[in-house]
Structures are given as structure tokens and as C-alpha cells.
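Worksheet for the structure shown next.
The values are calculated or read from the model by the stated rules, or taken from the named source; none is laboratory data. Model, not experiment: these values are computed from the prediction. Neighbour counts are summed over all protein chains in view; Cβ atoms, including those assigned to glycine, are modelled from backbone coordinates with ideal geometry.
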2 protein chains.
Amino acid sequence: MSLNKKNWATKKALKVERINSVQHISHGKVIPTEQMVAALECLLHIGDRVILEGNNQKQADFLARALEKVDSTKVNNLHMIMPSVSLPEHMNIFEKGIASKLDFAFAGQQSVRISQMLEDGILEIGAVHTYVELYARLYCNLIPNVALVCGFKADKHGNLFCGGSTEDTPSLVEAPAFKDGIVIAQVNEIVDETTDLPRVDIPGDWIDFIVQADKPFYMEPLFTRDPRLIKDTHILMGMMAIKGIYAKHKVQTLNHGIGFNTAAIELLLPTYGESLGLKGKICKHWLLNPHPTLIPAIESGWVESVHSFGGELGMEEYIRERSDVFFTGPDGSMRSNRTMCQLAGQYAADMFIGATLQMDAEGNSSTVTRGRLSGFGGAPNMGHDPRGRRHSSEAWLDLITDKKSDVVKGRKLVVQMVETFQSGDTPTFVEKLDAVEVAHKTGMPIAPIMIYGDDVTHVLTEEGIAYLYMAEDLAERKLLIASVAGVTELGKQVSTEQVQLFREQGKVATPEDLGIRRSEANRSLLAAKNVSELVQWSEGLYQPPAKYRSW
Amino acid sequence: MSLNKKNWATKKALKVERINSVQHISHGKVIPTEQMVAALECLLHIGDRVILEGNNQKQADFLARALEKVDSTKVNNLHMIMPSVSLPEHMNIFEKGIASKLDFAFAGQQSVRISQMLEDGILEIGAVHTYVELYARLYCNLIPNVALVCGFKADKHGNLFCGGSTEDTPSLVEAPAFKDGIVIAQVNEIVDETTDLPRVDIPGDWIDFIVQADKPFYMEPLFTRDPRLIKDTHILMGMMAIKGIYAKHKVQTLNHGIGFNTAAIELLLPTYGESLGLKGKICKHWLLNPHPTLIPAIESGWVESVHSFGGELGMEEYIRERSDVFFTGPDGSMRSNRTMCQLAGQYAADMFIGATLQMDAEGNSSTVTRGRLSGFGGAPNMGHDPRGRRHSSEAWLDLITDKKSDVVKGRKLVVQMVETFQSGDTPTFVEKLDAVEVAHKTGMPIAPIMIYGDDVTHVLTEEGIAYLYMAEDLAERKLLIASVAGVTELGKQVSTEQVQLFREQGKVATPEDLGIRRSEANRSLLAAKNVSELVQWSEGLYQPPAKYRSW
């Protein structure tokens, strides 16, 4: 009854063919460093889908440099899959004609160049994703042929030690490893036997080739915030967050992103938070990179657990010595995992709190500005109400406003914490997001919104907190946002009487309503006022990168 | 400045203590089969959080039997974490006082007993979860002390081969392995060296102890549907689904659950689907267990890829010989992964399609019935609109009805496919879901809803399709549902004129509107009419379990 006698193992055959094509170069699984370009010219085929690992912290930079050097008459039209586009080489391969299509999740320093190359027709964008949806598609309709990834050490069997920066690697490797793709890992060091590795993060039979990089891979301390740069406004807003949101809803499980606002909160917990008697009642389980500014809260006994997306430079020894708090291996170094941490950030966290560059009248926000295609990263995955969640927590249930219906649902706290003006005179609250025009200009099917207004439950500015989840309808949501939008155009659209009414209804709270005097809100409340004090708190275990050492 | 000189590695110390406590029993990592009960009495402490692996397909049944035999004066008040509660032993441990609290995601045959024991006060429920949110919490506020899991083979270093049924194991093991917990794996066979394993699914240093089970673990062929039981109604509904939903919205990536409705669709693709010229245009990338009823579609060239949550008994050889379609290791056996497949089902899939036992007037549905606490499994994670999704697909964009706003969002197809009556006279459409009363009786904080009405985009019955995503408001959504609710009480609440208007507006489609004659809809359209024909399609590779062999 079968209609054909077709070959159903073409991918396995092609994999064997590719592996054989470098037998003159490789020694077992090891490719000599200086032969990497030649090996890529054999292993890569025209039009291949190629994962190039670029994460927040970790870059497969040697492999990116090697890829940039391949002969584009041999290897071209690659379809690149990159979680984070961070290095110049990531874009050079498009200019050199080696690659033509890009699927990605986040672009930091390369966001201007992506935008320009898209306009110039050098580059086709598949789609812009969040991290986890990019990983998800690797198992569905974006199955890769080749993955170029990064680890600290490997043994000759390919067993990979990724250490504190395991990050995306397991999710990137599993798809090609089990779909007859080729996996190549650069490492800083190759050892002989498995017992010479601190531990195994990815089994050797998932890895086809290893290569020792010409130099250790580059890591950026992206999540380090110097407390010296925290302003009194951040402290005021942090106090409001702690009292008017964290304590009010009894937030136990949470994610913090980078930003001085949330750094302020971390440094206020052992002081202001302690004075409110909140220790042990809020902020017990964290999903975030190992922020140095969390050290005082950890040392003061606020933090039961931290699971991380990735690592943070300088925190290695501190993590090793605080294994009761962090996820670490038998070797003592951290095991991060962006997929599982994003999953926990989506489904296990009571609260997401973030900042943004622009917010419109309905509460939609975006970090996209003209001339930049910066992508989504992880925020949208955590910064929405996860409608697939079914277990309850106190905070989640606390946001149910409908007390009458038989069928109700808790809600995740999605907090936007912004000053009414960005630096200079640029208002945060705008009539129309820049993202709308960027979408038109770059041909995106819809505007790239970071967080949708109907997912936002709280907007916090220096003016106060708007409890959006209490809004009866869209019209009221808009008025609530305007109530905390200060002297921006949007802020002027609500009357003083209306704001007063919202305050009486508990839908808006000013610092005064929360019993917070603006004069209290100053840097003396910070548990650590500079990086040196963070080091002291850590008993000398935190080893800040040179650029943060000013003492 | 640090406030204390506390010990921050108590968990690592406790782990060493636990491991030392069985040094008189274990040989390296190997615990002798007959000593397992004694080992558990040493390794488990009172009040421990213990993962006991129970999946859809795979059960750590030997470890469950061993746990049931421990002395409850030594080991008690365990807090059990079980994805799927399936075996009598899973509940016996509560009756015997060994365990007292349960967090779970799904309960099959034990759902009545859970409900009864909860009522009798023998058992405390932490929460009922979906699979992925239970895994997510293992990394946050439900960190386990011990995990009891299941694999096919291990070497003496603990490297684990999980084969086609890798399922939940990696996600369950990673949390305790990196939080100083104890991981014990039962396997069918222990080999000496890593090279004796077909492949490694979980690295050895994540596993503390292995034990050879007294007999191979039990697997149930849960996803096998005998085509002989597909009725003409299923076929009619399947034809409507293909033409009025799959083809209309150009669904490329999808999940199918178990059920005769979706089995009918799978068997109609090579016949009815082919006649509509849809091959290569829809249903290319699948996220589902390896359903035998998908074989004819695969053999006919409809299916580009299948990624699976777990395995299916009898499909092993077929999968091995169809590696272009399935995710397989170098050894040829499948690599399933429930977490990654759920992630893809949530974020990469255009469509979720499911059935339900009860649906209320607003479209909320539940499979909960009185006296059963059956849990959520995986459906809610896939059967909702994932608001964290940012990449586009044709189907996702096709559901945008607001063509004017600057800020819009695509939408996932969430299709509920139900007959208006369940077996007998029991209507599917009801005034109030049984789940509401179950929640009241068992003290659940909110009613256990499987799929919320405002996430549902299409309701398909034998009467027709209601395109709910087109509804202007809740009132219209209710009328649209009533339009396809047949002669149930709910169905009588909409006038013939209103239904006619909806049909003209394209908001409701009957078989006639779709050009489908009810007389066409019969079993002659099925690509395989029984299990024997599935075997023929598979060229003899599919080896159905004995209970499906009737020829």
C-alpha cells in the first residue's frame, strides 16, 4: 500500500558524508585550531541553516571569526540562527555574501547595522523572536543543519563542560544532535578524558567536533550595575515598589532584569524592606542572572534560591561559596540554563518587573527606536500573563477582581517601572510608539511590541503606582496610566479630581498614600553605595571586572 | 559588613552525608536491586520533597514499589512531586503514611482515588499543574531533595540512556542534580562502560545512584487509536476541520492530541486532503507523540518533521527507519523531550486542537467530572493564546480581525472539536461546568478549567464550525457557540435567523457551506481502516502491541 520506495534516511547519509569530508583534517572529534576555516568549507553546504551561538554572556567568537573567513564561492546563502547578535563578525558574514537570511532574538550593539543592512537589501530577516520561541522552532519548522557553539572545556570524546555560562547551549545543541545535524563546539581547553573535566554539561555523543579556540571566548558583565549610579528617584520608586506592590501582593517568586530601578530594589531590601518587617515574607525565590547588587540581600538572609539564565563575570567565587542559594554542580560552578529559567520566569514567577523606553496611552511599550532593530530577548516571554498557568499562588490569586463569576483566573503581576521622562526632555509616555513606524519601514508584519498594554498590571513612575489590573475597561486603563504620567502630554489629559477619585478607590497610590516621604528617599538607604561595598558584603568573594574597580 | 558567619553549603554537606549513609550498601553508584528499600530508608529524610517519575508512557515503577515498602516510622511526611500519577503504588505511599503532600500535573487511573483520599484527609494537595509549570517550579519554589527516575540502560558511571522515551527525565533530573539533591535512576540493564550504551541522554555526573529494576519498566500504548473505532461523525468533523480550518488558515505547524477526531484527520489527509490539493501546503511540522494513525500521511509525503513529547509502544522500528521525519539519535532510537515539545507546542505551533467533555456557554471547557481529580497534563500549555509569542506565521496573522489599529497581535488557533452530545444523552454543552462544583467541594482556590473560552478561536461540532475569533464581544461569542450546539439546551437559545446571518458573515460554516456532503463522510475515506492496514502502510515496521492485533 505504500506509495513509494523512497529513502527515508537521507539526513543520516548526508551527516556521514559531511563527517567524512573532514577526515583529512580532524583527529577523531578534534579539529586543529588553524584548520577550522578549511573544515567549515567542507562541513557547510550552500543554503544550510546554521546556528551560531551568541548569548547574552557567551559568544562562540572563534567560530564566528572562522566563519567570516570561509570562501563565499564555496559557502554562501547560509540561513543564520542566532539568539543574540552581538559581534561585528555576526554581521560581516552577511556583507561577505556567506549568509543571506537571519532569524534572531536579540541584537545589542549590532542593532543599528541590522537595520541598515535590511534597508540595503543585504539581509533578509526570517523573524524576530524571543529566546524561547527561537529555541522552540529548532524542534519544529526551523530545524538546523549545523550548530556552532561554545563551551569552556571538552574531552576528546566531545563531552562538554559549559560551567557557569551553560545558558542556551543545551537547547541549541539538542535539536541538530538528534536531527542528523553537525554540532561543532569551540572550547578554551581540550582535555584527554572525561575525568579531567570538572563536570559534563552536554554528553559527548551530541557533539561531532571540538576545536580549541585561539583565545578564551569573550564574556561581557552585562548584569553588573554600579550602585553609585543609583539616583534618589530610583530609590523613591524602589520604595514604592516594595511597599505598594511586592508587600501588598506578597510576591514570593520573581524575576528582575537589568536596570537601576530594580538594582535599587535589591539594595533596599536589607534596609527599607527590613524596617517594614518583610524579610521572609516576600522575594524568596529569584529567577535572574547573578546580579552583584543582590549580594547584600543574600547575605542578609532574604534569598532562598536563585536560578539563572546565564552567568555574570566576577560572581564565580561568590556563587561557589553560596551553593545553598545558587544552582551549582558537584564541581562548585553554577549551572545556568536559559530555557528552564525562562520557563520558570514565565510559569513559576508571581511577578515580572521591567522598564521601557516608550509607553503609549494604552500601556503598550517598546524599546525599539528609529534605526535600530534590537529584537525581543526574554522580556515578552516573562512579561505577559501566562494563560497556560493553572497552579495558584497568593500573589496570583490576589489580582482576581471578579469575585462573582464561577470561572475566574489568577493573573501574573506584570509591572512597568519607568520615569515619566527619559534623559533630557524625551517623554516616556507618547502618543504613538516609534515601533509602529519602524514596522512600516522595515516591512515587519506587525509593530514590534515588547509588552502589550493589556498584559500590564501595574505602572510605577516617580508620581505613583497605577493599579491597571483594577481597570474596568480600556478607557479607565488609559486614565489610570495618565494619572501617573506626570507632566507629559498624556499626563495632562486626566483631571486632578479624577486622580483624587482613583486614589480613594485604591486604583492609584502616590508616595504619600503609601506613607513614603519623598525626603526619606535618598542614597543613605542603599545597603551598598558602590561596588567596593558589594565586595565587602561578599566577604571578598565577588571579584568585579576591572572597569568596575575604581577604588 | 556581613551580618553573620553562617554556613552557606549546608545542602552540599547534607548530600555528602546522604551518600555516605549508603556506603555499606552501594558499590560505587550501583545499588543492588534487593537492597533498594534499605537504601531508600537511608537516603530519604522525613519531610523530603521527592520527585517520583511517572510520565505518560514511562513509570519508575520499581522505585515506586520500593518506596511503598519503606518503614514509615523511619521515612514519612514526604512531599511527592509526580508529573503523572498512574500506578496504585503512587497512592499507596499516602495510605501507608510514607507521604503526606502531593504536587502533580496529571492523574489517569488514580484520579478517583486522589479525589477520595483528599476528601478523607489522607492527602494534602500542593497544587495541580500542567507538566511544564511543574517542571518550572522545580527550579524556583519547589526544589526537590531527591528524584527517583527511570531509564533503559546506565553504565556504572551513571550515564543514562533513556531511548525513545526520554520524555520528562532530563527536566526532572537537572533541578536536583544542580541543587545538591540525590538522583536515583532505575534501569532495565546496567552495563560496564559508556561505549556499551547506545547513546547518553543524561550525563553520569547528574546521577548519584543507579539500580537495576526487578523487571523492565511498564509502558502503556496511550496514543494508539484503532481506526476501526472511527465513526462517520468523526470523519465528517475531520473533513470540516481540514477544509474549514487547516486549509482556510494554512496551518503548517500543529499539535494533535489523542482522540478519534484527530485520528480521523490524520487518516483523511492522504485521501480527502490529497483530493483538495493540500499536500505540501498544510500540516508539515508536527508536535505529537508518534501516533500510528499518522503513518499513512508520513508515507504519502505530507509530513516533514515530527518532534515528540514521549514515545509510543510499537513504533520504535518505524521511527528508526524514518529518521528523516523523526528526531533520532546516532543509535537510531528516538529522542523525545516533553519540555522542548511543550515549548514548541506553545510557541512554534500555529494550532492546538483538542476535545473536551464539557463546554459552557462562554466556551470554557473542562474534563473534570465529579469524583475525579484528573489534573491538567499538557493541554492548557498549548491550548491558549501564547501572549509571549512575537514571531509571525501566515496562520497566526490570519486571525487578526482588527485591521485599523497600529498595535495588533496575531493569534494562535485554539480549536475545540466536540460532538454536541457525549455518549448517551449527556450534552457536551452545559449551563455550568462540573469543575465549578468540584472546586468548591475539594477546596481548590478556583475552578479547574482546561481551556478558557476567551482563548478558544474555533468550536467545531457535527453541526458546523463557529469562528469565535471573529466575535465582536462576549455576547456574540456565546451566540456563535450556540449556533453549533445542535439540539442541546444551549443550542436552542439561538434563532435560525441569527445562525443564517452568521453563515452569511462567515462566522459560522456548516458542512454545506464548506461544500461537504454529509453522505460523503464515511469510512471509505480513511487511508487505513484498521491496525492491520497501518502495519501494511508501514511496510511491516509498525509492531502494534498484542491488544491491537486482531487479525
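For B:F309, the stated conditions hold: it is within 15 Å of B:T130 (Cβ to Cβ) and aromatic (F, W, Y). Exactly one residue out of A:E317, A:E362, A:E304, A:E321 is surrounded by fewer than 22 Cβ atoms within 10 Å (Cβ to Cβ) and touching a strand residue (DSSP E or B) at 6+ places or on another chain (Cβ under 8 Å), and it is A:E304.
Residue count for the range A:229-256, restricted to those that are surrounded by fewer than 20 Cβ atoms within 10 Å (Cβ to Cβ) and not in a helix (DSSP H, G or I): 2.
Do we have any residue at all in the range A:219-228 that's within 14 Å of chain B (Cβ to nearest Cβ), part of a loop (DSSP other than H, G, I, E, B) and basic (K, R)? Talk me through it step by step, then tell me what you get.
Step one: filter the range A:219-228 for residues within 14 Å of chain B (Cβ to nearest Cβ), giving A:227.
Checking the rest, the ones that are also part of a loop (DSSP other than H, G, I, E, B) come to none.
Checked the range A:219-228: no residue is within 14 Å of chain B (Cβ to nearest Cβ), part of a loop (DSSP other than H, G, I, E, B) and basic (K, R).
Within the range B:448-472, residues that are within 14 Å of another protein chain (Cβ to nearest Cβ) reach partners that are among the aromatic types (F, W, Y) with beta carbons closer than 6 Å, at six or more positions or on different chains, in the pairs B:T457/B:Y469. For the range B:169-207, a residue qualifies if it is touching a strand residue (DSSP E or B) at 6+ places or on another chain (Cβ under 7 Å), in a loop (DSSP other than H, G, I, E, B), over 16 Å from A:N159 (Cβ atoms) and not hydrophobic (A, V, I, L, M, F, W, C), and the qualifying residues are B:G181, B:N188, B:D192, B:P198.
Is it true that A:C162 is away from chain B (no Cβ under 11 Å), crowded, with 24+ Cβ neighbours inside 10 Å and under 27 Å from A:I93 (Cα atoms)? Walk me through how you get there before you give the answer.
Numbers: away from chain B (no Cβ under 11 Å): yes; crowded, with 24+ Cβ neighbours inside 10 Å: yes; under 27 Å from A:I93 (Cα atoms): yes.
Yes: the conditions hold for A:C162.
In the range B:100-112, the residues that are touching a residue at least 40 places away in the same chain (Cβ under 8 Å) and in the same structural domain as B:E89 (by TED's automatic domain parsing) reach residues that are buried (at least 16 other Cβ atoms within 10 Å of the Cβ) and in a helix (DSSP H, G or I) with C-beta atoms within less than 7 angstrom, at least six apart or across chains, in these pairs: B:A105/B:Y131; B:A105/B:L134; B:A107/B:I114. Taken as a whole, the condition of being of a type outside the set (D, E), in contact with a helix residue (DSSP H, G or I) (Cβ under 9 Å, 6 or more places away or on another chain), at pLDDT 95 or above and over 30 Å from A:K12 (Cβ atoms) does not apply to A:Y218. A:K12 meets the conditions (1) buried (at least 23 other Cβ atoms within 10 Å of the Cβ); (2) within 14 Å of chain B (Cβ to nearest Cβ) in every case but one. The failed one is (1).
Every residue, every condition in (1) in the same structural domain as A:F376 (by TED's automatic domain parsing); (2) without any contact (Cβ under 8 Å) to a residue 12 or more places away in the chain; (3) among the hydroxyl-bearing types (S, T, Y), yes or no:
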| residue | (1), (2), (3) |
| --- | --- |
| A:H79 | no, no, no |
| A:P88 | no, no, no |
| A:G97 | no, no, no |
| A:D120 | no, yes, no |
| A:I125 | no, no, no |
| A:T130 | no, no, yes |
| A:V149 | no, no, no |
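Within the range A:48-62, residues that are not assigned by TED's automatic domain parsing to the domain that holds A:G377 reach partners that are of a type in the set (D, E, K, R) with beta carbons closer than 6 Å, at six or more positions or on different chains, in the pairs A:N55/A:E167; A:N55/A:D168; A:K58/A:E167; A:A60/A:E53; A:F62/A:D214.
Mind checking whether some residue in the range A:108-121 is crowded, with 24+ Cβ neighbours inside 10 Å, within 13 Å of chain B (Cβ to nearest Cβ), farther than 25 Å from B:F178 by Cα and touching a helix residue (DSSP H, G or I) at 6+ places or on another chain (Cβ under 9 Å)? Looking through the range A:108-121, none of the residues is crowded, with 24+ Cβ neighbours inside 10 Å, within 13 Å of chain B (Cβ to nearest Cβ), farther than 25 Å from B:F178 by Cα and touching a helix residue (DSSP H, G or I) at 6+ places or on another chain (Cβ under 9 Å).
Tell me whether the range B:368-386 contains one or more residues that are touching a His at 6+ places or on another chain (Cβ under 8 Å), within 7 Å of chain A (Cβ to nearest Cβ) and crowded, with 22+ Cβ neighbours inside 10 Å. Looking for residues that are touching a His at 6+ places or on another chain (Cβ under 8 Å), within 7 Å of chain A (Cβ to nearest Cβ) and crowded, with 22+ Cβ neighbours inside 10 Å, one finds at least one in the range B:368-386, hence yes.
Condition first: among the small types (G, A, S) and in a loop (DSSP other than H, G, I, E, B). Now tell me which residues in the range A:366-390 satisfy that. Residues satisfying the conditions are A:G371, A:S374, A:G378, A:G383, A:G388. Scanning the range A:420-443 for residues that are surrounded by fewer than 18 Cβ atoms within 10 Å (Cβ to Cβ) and charged (D, E, K, R) returns A:D425, A:E431, A:K432, A:E437, A:K441. Residue selection: A:V487 fails the criterion of being hydrophobic (A, V, I, L, M, F, W, C), part of a helix (DSSP H, G or I), more than 28 Å from A:W302 (Cα to Cα) and not assigned by TED's automatic domain parsing to the domain that holds A:E299. Taking the range A:501-527 as the region of interest, how many residues are in contact (Cβ under 8 Å) with a residue 60 or more places away in the chain, aliphatic (A, V, I, L, M) and not in a loop (DSSP other than H, G, I, E, B)? Residues in the range A:501-527 being in contact (Cβ under 8 Å) with a residue 60 or more places away in the chain, aliphatic (A, V, I, L, M) and not in a loop (DSSP other than H, G, I, E, B): 2 in total. Residue selection: B:T262 fails the criterion of being in the same structural domain as B:K284 (by TED's automatic domain parsing), more than 28 Å from B:S165 (Cβ to Cβ) and either of a type in the set (F, W, Y) or part of a helix (DSSP H, G or I) (or both).
Could you grab me the full set of residues in the range A:122-143 that are of a type in the set (A, V, I, L, M, F, W, C) and more than 11 Å from every other protein chain (Cβ to nearest Cβ)? Those that are of a type in the set (A, V, I, L, M, F, W, C) and more than 11 Å from every other protein chain (Cβ to nearest Cβ): A:I122, A:L123. Look at (1) more than 23 Å from A:P32 (Cβ to Cβ); (2) among the acidic types (D, E); (3) touching a Leu at 6+ places or on another chain (Cβ under 9 Å); (4) crowded, with 21+ Cβ neighbours inside 10 Å and you find that A:E124 fails only one, number (4). Applying a threshold of 9 Å to beta carbon distances and a minimum spacing of six or more residues, or different chains, the list of pairs starting in the range B:425-443 at a residue that is without any contact (Cβ under 8 Å) to a residue 12 or more places away in the chain and ending at one that is aliphatic (A, V, I, L, M) and outside any helix (DSSP H, G or I) reads B:T426/B:L357; B:V436/A:V407; B:V436/B:A447; B:A439/B:V368; B:A439/B:I446; B:A439/B:A447; B:H440/B:A447; B:G443/B:I125.
Quick check on my filter: what residues within the range B:480-516 are touching a strand residue (DSSP E or B) at 6+ places or on another chain (Cβ under 8 Å) and of a type in the set (D, E, K, R)? Hits for the range B:480-516 are B:E489, B:R503, B:K507, B:D513.
With closer than 30 Å to A:A439 by Cα and surrounded by fewer than 16 Cβ atoms within 10 Å (Cβ to Cβ) as the only criterion, which of B:D455, B:D398, B:D406, B:D402 stands out? Even if it seems obvious, please write down each step before you answer.
Details: B:D455 fails: surrounded by fewer than 16 Cβ atoms within 10 Å (Cβ to Cβ); B:D398 fails: surrounded by fewer than 16 Cβ atoms within 10 Å (Cβ to Cβ); B:D406 fails: surrounded by fewer than 16 Cβ atoms within 10 Å (Cβ to Cβ).
Going through B:D455, B:D398, B:D406, B:D402 in turn, just one is closer than 30 Å to A:A439 by Cα and surrounded by fewer than 16 Cβ atoms within 10 Å (Cβ to Cβ): B:D402.
With the condition kept exactly as written, say whether any residue in the range A:518-531 is within 14 Å of chain B (Cβ to nearest Cβ) and out of contact with any Leu (no Cβ under 9 Å at 6 or more places or on another chain). Yes. Among the residues of the range A:460-478, which ones are of a type in the set (G, A, S) and within 18 Å of A:F421 (Cβ to Cβ)? Once the filter is applied, which keeps residues that are of a type in the set (G, A, S) and within 18 Å of A:F421 (Cβ to Cβ), the range A:460-478 yields A:G464, A:A466.
Pairing each residue of the range B:8-34 that is in the same structural domain as B:N188 (by TED's automatic domain parsing) with any residue that is in a loop (DSSP other than H, G, I, E, B) and surrounded by fewer than 16 Cβ atoms within 10 Å (Cβ to Cβ), provided the two are 6+ apart or on different chains, yields C-beta distances under 6 Å for B:T33/B:D214.
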